[in-house]
1. Looking at SER184, is it surrounded by 10 or more Cβ atoms within 10 Å (Cβ to Cβ), modelled with pLDDT under 85 and on the phi < 0 side of the Ramachandran plot?
2. If you check SER54, SER69, SER10, which single one turns out to be modelled with pLDDT of 70 or more and polar (S, T, N, Q)?
3. If only one of GLU205, GLU147, GLU133 is in contact (Cβ under 8 Å) with a residue 24 or more places away in the chain, surrounded by 13 or more Cβ atoms within 10 Å (Cβ to Cβ) and under 30 Å from PHE76 (Cβ atoms), which one is it?
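The values are calculated or read from the model by the stated rules, or taken from the named source; none is laboratory data. Just so you know, these numbers come straight off a predicted model, no measurement behind them. Glycine also receives a Cβ, built like all others from the backbone with ideal geometry; neighbour counts cover every protein chain displayed.
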Amino acid sequence: MRYHYQAGQSGAALNDYQACVHALKEHLDLDPAPETVALREKIARHELPQEKTSDPLRVVVLPLANFSSDPNDDYFADGMTEEMIAQLSKVDGLLIEFTKSRARHTNDQALVEGKNGSIIRKHIGHWHIPQSEATKIQSFYKETFNEYLNFHRPCGFATETVDEKGKIKKQYNDYFTPFEKLQSLPKPEQFLKNGVTMESLKEVEQQRSDIECAKLMQEKKIVLFRSFSKPGILT
């Protein structure tokens, strides 16, 4: 709100307030803080002093933390952070700095949500699945899904470049299946488990085309979902 107002966009600042009120009520059933309400009133009456400076307006965005006991709320916190960045990026002359406090260490716990393409969430979904169904899902992974991911689904591999300020940027211009990427490495055999050979992996790759494997995976996934869904959800 403050940055929109300083940029001469008082209407956008008031819209920010309404978006804040709506998000707080919908997701947390809370009202905005008195300080936020007072700031809105000053903006509406044009009583907020204009800051005159030749330097660009700058804001550092830190990720919102999930303080609840429900890990699913991580998605809400991440979504709110992304929404803040998206709205701030619309402010003319505003320099946005986003940090996760520990650069290049954003996936220490190897959360599946952070993997390339968010593949697990994309195919299995965001809803709760009872623990009693875990054995079925594990069988689906081992018998069908892993073959599709490793041999038939291309994914992006980053090329890192360093700009004049020393910032590392990633560009995704190269797309391979994981097995194709493995074959491109020097001496790929050194990365294999005991008893696994490159020849045996090539045999698995050649059993089906990419389209055939993707179709089989989708068919097996529907059978899996129907096995633990209530009657009438999937038909």
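1. Working: surrounded by 10 or more Cβ atoms within 10 Å (Cβ to Cβ): yes; modelled with pLDDT under 85: no; on the phi < 0 side of the Ramachandran plot: yes.
So SER184 does not fit the description; no.
2. Result of the check over SER54, SER69, SER10: SER10.
3. GLU133
The rows are residues; the columns are (1) under 20 Å from ILE222 (Cβ atoms); (2) not hydroxyl-bearing (Ser, Thr, Tyr).
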{"position": "ILE120", "(1), (2)": "yes, yes"}
{"position": "ILE124", "(1), (2)": "yes, yes"}
{"position": "THR135", "(1), (2)": "yes, no"}
{"position": "LEU149", "(1), (2)": "yes, yes"}
{"position": "CYS155", "(1), (2)": "no, yes"}
{"position": "ALA158", "(1), (2)": "no, yes"}
{"position": "ILE168", "(1), (2)": "no, yes"}
{"position": "PRO186", "(1), (2)": "no, yes"}
